[in-house]
1. Of all residues in region 62-118, which are under 30 Å from residue 276 (Cβ atoms), surrounded by fewer than 16 Cβ atoms within 10 Å (Cβ to Cβ) and in contact with a strand residue (DSSP E or B) (Cβ under 9 Å, 6 or more places away or on another chain)?
2. What's the number of the only condition in (1) assigned to a loop (DSSP other than H, G, I, E, B); (2) in contact (Cβ under 8 Å) with a residue 24 or more places away in the chain that residue 128 fails to meet?
3. Looking only at region 321-333, decide whether some residue is closer than 30 Å to residue 157 by Cβ and either surrounded by 13 or more Cβ atoms within 10 Å (Cβ to Cβ) or touching a helix residue (DSSP H, G or I) at 6+ places or on another chain (Cβ under 7 Å) (or both).
4. Can you confirm whether region 288-302 contains a residue that is more than 22 Å from residue 86 (Cβ to Cβ), surrounded by 14 or more Cβ atoms within 10 Å (Cβ to Cβ), more than 27 Å from the chain's Cα centre (by Cα) and touching a residue at least 12 places away in the same chain (Cβ under 8 Å)?
5. Given the condition free of Cβ contacts under 8 Å to residues at least 40 places away in the same chain, in contact with a helix residue (DSSP H, G or I) (Cβ under 9 Å, 6 or more places away or on another chain), assigned by TED's automatic domain parsing to the domain that holds residue 63 and within 26 Å of residue 6 (Cα to Cα), answer yes or no: does some residue in region 153-174 qualify?
6. Filter region 163-194 down to the residues that are modelled with pLDDT under 95 and surrounded by 17 or more Cβ atoms within 10 Å (Cβ to Cβ) and list them by number.
7. Kindly check whether there is at least one residue in region 74-89 that is assigned to a helix (DSSP H, G or I), within 28 Å of residue 289 (Cβ to Cβ) and in contact with a helix residue (DSSP H, G or I) (Cβ under 8 Å, 6 or more places away or on another chain).
8. Taking region 25-51 on its own, how many of its residues are over 20 Å from the mean Cα position of the chain (by Cα) and either modelled with pLDDT under 95 or crowded, with 18+ Cβ neighbours inside 10 Å (or both)?
């Protein structure tokens, strides 16, 4: 099989495995290095020390996996067919908003497993070859690889956008030592639109394609293990795990497809959960309800910290405010001093 025929076959095999698209690029990401170093110098990484630790390795695939010649970039739609839409949840202060990517099974496992299956299928056609599969699991700059491969372009919110599918898709990368024809990058199509910058609740998008993680709700609720800054808590509203505001407002997402992958469908009613019910979970219940989910990685205490902030944003005159005060009062001392600090803040807010 010549390289062009092999590439065509690989794309078909990828679709058979549930991937929306597959494109091929080389390993040259040098154009992105200066911007990343400036981002680090500004401290935008917050407490994500691994960003400094791995340095420029994320832009050098051939160093991460010696012998890599090409990168097979795949996308996979994840927007679930929820029973309750995002705007309805965000508009109800007694409910909690979970980023749509985290409603189902942990995407790292799903995407990597299918990339492994793809590699096996390729080896059946070519014989043994060197490869390694990634999905947000190592120092790999997937955004740049997606741009170079033509899967999409980096939007102002820093996520990859595609004209036929918006941004509601996961990315995966298969590093290979096979020489394949590369695809051409696509041109950006954000135009003069600044909807994502304008809508960000905490003003985290500080420049075109630049996010200050220290202000980003996704970082604050998932990556940060420190106290959530008090000045940012009111703007977080009822977002308890991640934030999709920049995607929800993006005009390109009117073309987004709902996923047919049942692994990405909402579990345990997390598409529109009751905040007080979630806060009442003990650690054992949390571990049970989040088994196989990306949410589990933040742990029960950080989960409670996030929930305390969201509950503190329930208006004092809301019908659930009294129940919220009773629940929070009874929970002091259960999950450690950090959670207690957030509970006391919430109680002050609820009591007006």
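The values are calculated or read from the model by the stated rules, or taken from the named source; none is laboratory data. Remember, it's a predicted structure, so these values are computed and weren't measured experimentally. Heads up, the Cβs are rebuilt from the backbone with ideal geometry, glycines too, and the neighbour counts pull from every protein chain shown.
1. 84, 88, listed by residue number.
2. Answer for residue 128: the failing condition is (2).
3. Going residue by residue through region 321-333, those that are closer than 30 Å to residue 157 by Cβ are none.
No, there is no match, as no residue in region 321-333 is closer than 30 Å to residue 157 by Cβ and either surrounded by 13 or more Cβ atoms within 10 Å (Cβ to Cβ) or touching a helix residue (DSSP H, G or I) at 6+ places or on another chain (Cβ under 7 Å) (or both).
4. no
5. Yes, that holds for at least one residue.
6. If the condition is that a residue be modelled with pLDDT under 95 and surrounded by 17 or more Cβ atoms within 10 Å (Cβ to Cβ), then 165 is the only one that fits.
7. Yes; the residues of region 74-89 include at least one that is assigned to a helix (DSSP H, G or I), within 28 Å of residue 289 (Cβ to Cβ) and in contact with a helix residue (DSSP H, G or I) (Cβ under 8 Å, 6 or more places away or on another chain).
8. 4
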